[in-house]
Amino acid sequence: MNEKIIDFLSEHHVLSLNTCVENQSWSSSCFYAFLQSTDTFVFASDTDTRHMQNIAKNPQVSGVIALETKQIGLIRGLQFEGVVQKASKSGEKAYFKAYPFARIMLPKLWEIEITYAKLTDNRLGFGKKLEYKRA
């Protein structure tokens with residue numbers, strides 16, 4: 001994965017997660033930890049949430065991480081696609097390192113294996129895009 005994309009993901013901690021089942025889409029916000037070794041996002045969510053019920057039927061998701069600014073030259077944001085699965089041990093470790101307080105809540109942890117990502121970073125030039133596609 002491109003170093004600029006990794007830097008962006010490491011600077012942020014909330015993603016917008018989008019699911020779709022039977023032409024019904026749903027969006028939610030999730031805190032995440034980025035696991036660079038596997039190019040995955042790790043997040044916590046109960047199975048009874050609408051987005052997790054959708055994921056049980058269709059694990060393919062998309063999402064956005066955005067820097068909110070009115071300064072055109074500073075606009076940055078990442079769009080991604082991926083597949084959700086139960087978190088690995090290394091994913092759990094990364095999540096609890098980022099959010100140690102979460103451990104007492106005994107959360108269910110999940111990973112999004114990033115299959116495609118596109119970073120827009122106007123600091124590199126207006127509309128400059130960097131892409132990642134899992135091999």
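A few comments on the model shown:
- In a DSSP loop and with at most 16 other Cβ atoms within 10 Å, the GluC sites (Glu not before Pro) in the stretch 9-88 are 22, 68.
- Within the stretch 54-73, backbone nitrogen closer than 12 Å to the virtual label 7 Å beyond the Cα of residue 108 toward Cβ: 54-57
- Pairs with C-alpha atoms separated by more than 31 Å, drawn from the list 93/128; 57/128; 57/118; 108/129; 97/133; 93/133, are 93/128; 57/128; 108/129.
- Distance between the pseudo-spin-label points of residue 98 and residue 116 (7 Å out from Cα toward the beta carbon): 2.3 nm.
- Long-range amide H partners of residue 108 with built H, under 5 Å: 45
- Loop-located trypsin sites (Lys or Arg not before Pro) in the stretch 1-75 whose Cβ has at most 15 other Cβ within 10 Å (DSSP): 70
- Looking at the chain, the pairs of alpha carbons with a distance over 19 Å make up 49% of the total.
- Only helices enter this figure: runs of n ≥ 4 DSSP H residues, each worth -39500 (n - 2.57), summed and divided by the residues of the chain, yield -5500 deg cm²/dmol at 222 nm to the nearest 500.
- Here the spin labels are modelled as points 7 Å beyond Cα on the Cα-Cβ line, and at residue 16 and residue 49 they lie 1.6 nm apart.
- Sites residue 27 and residue 135 - FRET efficiency at Förster radius 25 Å, r taken between beta-carbons, to 0.05: 0.30
No value in this document is a laboratory result; all are computed from the given coordinates. What you are looking at is a predicted structure, and each value in this text was computed from that prediction instead of being measured. Every residue, glycine as well, gets a Cβ built from its backbone with ideal geometry; the counts of neighbours run over all protein chains shown.
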